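Below: the structure, in structure tokens.
The values are calculated or read from the model by the stated rules, or taken from the named source; none is laboratory data. Please read these numbers as outputs of a predicted model, since none were measured by experiment. Note that we place each Cβ from the backbone using ideal geometry, even for glycine, and neighbour counts take in every protein chain shown.
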Amino acid sequence: MLSADYNDAGRGTVARFSYHGTHRIGMKSAMKRPAGFTMVEMMAVIAVITILALMAIPSYLDKVVKAQVEGALPLTDIAKRAVATVWTATQTFPADNTAAALPVADKIVNNYVSAVTVQNGVIHITFGNRASKSIAGKILSLRPAIVEDAPVVPITWVCGRAEAPNKMTVQGVDQTNLEPLYLPVECRSLQPKP
């Protein structure tokens with residue numbers, strides 16, 4: 001049944017309509033749907049969150065390992081100074097830690113480094129101690145680069161797989177066996193692979 005009420009009090013006409021009658025049961029239950037989420041909706045949300053988390057975790061772990069590699073580099077400063085001092089005095093590179101007047105390799109350590117070895121002027125960092133398992137036992141090399149006909153030019157250190165600066169010659173052997181993903185930018189090769 002349909003009824004209408006009209007009210008005209010000088011401010012305009014107001015009309016109210018109401019419908020009195022039977023409603024379908026389907027419409028009635030749809031109108032009284034309980035608030036909240038169904039179990040299926042909650043499971044879908046949890047699945048999406050899980051997928052996003054699984055995508056983010058490897059990226060985060062890679063950043064942690066890169067930070068460990070970068071955190072190890074300042075330890076080589078003592079070896080760099082020792083190698084540079086020998087080069088300046090003799091125009092040769094020290095054969096080992098003893099020739100560079102450094103402690104034995106396994107005494108030069110920090111949280112992420114288990115040894116710093118000098119070998120013919122090249123500084124090899126061996127990762128260990130509290131380093132991530134993905135780099136433990138791996139090596140990063142820093143090789144000296146010189147201008148051969150101008151020994152007064154200071155040594156430049158070439159990290160990992162990086163190339164020497166123009167007009168400089170890199171000395172020694174690179175023993176870097178870290179994954180390129182974990183190398184700092186200054187330790188990566190900038191030349192495209194053939």
Task: Criterion: small (Gly, Ala, Ser) and either under 26 Å from Val109 (Cα atoms) or modelled with pLDDT of 85 or more (or both) - qualifying residue of Ala35, Ala67 - done: Ala67
Open item on the list: Let me spell it out: the conditions are (1) free of Cβ contacts under 8 Å to residues at least 40 places away in the same chain; (2) more than 15 Å from Gly172 (Cβ to Cβ); (3) touching a Leu at 6+ places or on another chain (Cβ under 7 Å), and Ala115 meets all of them except one. Which number is the exception?
Closed with: (3)
Task: Candidates Ser114, Ser132, Ser141 - the one that is closer than 24 Å to Ser59 by Cα and of a type in the set (S, T, N, Q) - done: Ser132
